[in-house]
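Bear in mind that the values in this text are calculations on the coordinates, not laboratory data. Every value quoted in this text rests on a predicted model; they were computed, and no experiment measured them. Using ideal geometry, Cβ is built from the backbone for each residue, glycine included, and neighbour counts are taken over all protein chains shown.
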Amino acid sequence: MKRLIIMISLVLTMMLLINGSYAASPEEQAKICAQENLPHFLKSVGDAYESFGFSSQEDFAKAYLGKPITTVSLRKTGETLDTMEILRDDNRIQGEKKLKDQAYPCDLHFFPVMVEGKAVTDFVVGLEDGKWEAIQIGGNLSLVIEDMARQNGYAPENSVILYPGFMRPCVLVNKDGQEYVYLPYLDDAHMGLKARELIPSEDFLEGLKKKAEIIKKRQIERSKNPNHQKDILLGGP
């Protein structure tokens, strides 16, 4: 009887673990992946900690995982439709609506690596073949997000990373009930935007559509002239 009770207990425990793993949301799975892998990535940094933004060995030893930064895309996961085609569809992306409400969860999750409540560097995990994998440590996007929030008077939690699809990521901000966007790294001459300058999201969307049209026209020109070797660089990949 005692052996039977032990076997039943083991079976029930396994069922709970299996059900729990299936019940976990993608966000929770990404967080678990980040928590499990961050120590290994920090160990790989070793004596190069200053290159990752840590000011001292003592600070590096205090590093811990912060709250994830919501990351979205204009394209659904697995969607084959080109982002530039999506922007042409006024029923898909509308200027009078917030961009965050028209975007979709991304397969990338950004986590700030913190020291004493301040972001130092980024830790990124992503979904690969249905499984969450650690991708990289490094970069300063979470630090930029934290600095911009402090300088402009809103909470860092009101920031969302947006991948437009044909340029570097930008950041959506909810400030006083209004949505703004800024480029965290470089100016974009084609959109007339300066880095780290808040602009209304509807103005950003208008510039984004214009940029998409420029890229599309140049792609057509290149397809008509295969010997044309000049690369088109419009603010990043």
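Considering only alpha-carbon pairs that sit under 8 angstrom and 6 or more positions apart, the relative contact order computed for region 25-224 is 19 percent. The LEU186 and ALA24 beta-carbon pair, evaluated with R₀ = 35 Å, returns a calculated FRET efficiency of approximately 0.40. Taking each of LYS175/LYS210; LYS43/LYS131; LYS31/LYS211; LYS67/LYS97 in turn, the alpha-carbon distance tops 32 angstrom for LYS31/LYS211. Scalar couplings 3J(HN,Hα) for region 162-170, obtained by applying the Karplus form with A = 6.51, B = -1.76, C = 1.60 to θ = phi - 60°, are 10, 9, x, x, 9, 7, 4, x, 10 Hz; x denotes Gly and Pro. Counting only DSSP beta bridges with both residues in region 25-224, the antiparallel share comes to about 90 percent. Put simply, the amide H of SER73, placed in the peptide plane, has neighbours under 5 Å in TYR104, CYS106, TYR163, leaving out anything fewer than 5 places away on its chain. Our coupling estimate for region 59-65, obtained by passing each phi through the Karplus curve with A = 6.51, B = -1.76, C = 1.60 and θ = phi - 60°, is 5, 4, 5, 8, 4, 8, 7 Hz, Gly and Pro reported as x. Label separation (ALA155 vs GLU206): 3.2 nm, computed from points 7 Å beyond Cα along the C-beta direction.
Once the C-beta distance of LYS98 and GLU221 is scaled by a Förster radius of 30 Å, the resulting FRET efficiency is 0.30 to the nearest 0.05. Each residue of region 194-210 is assigned a 3J(HN,Hα), and the resulting list reads 9, 4, 6, 10, 6, 9, x, 4, 5, 5, 4, 4, 4, x, 5, 5, 5 Hz, derived from the Karplus form 6.51 cos²θ - 1.76 cosθ + 1.60 (θ = phi - 60°), x at Gly and Pro.
Shown here for region 114-210: GluC sites (Glu not before Pro) in loop regions (DSSP other than H, G, I, E, B) with at most 12 other Cβ atoms within 10 Å, namely GLU116, GLU197.
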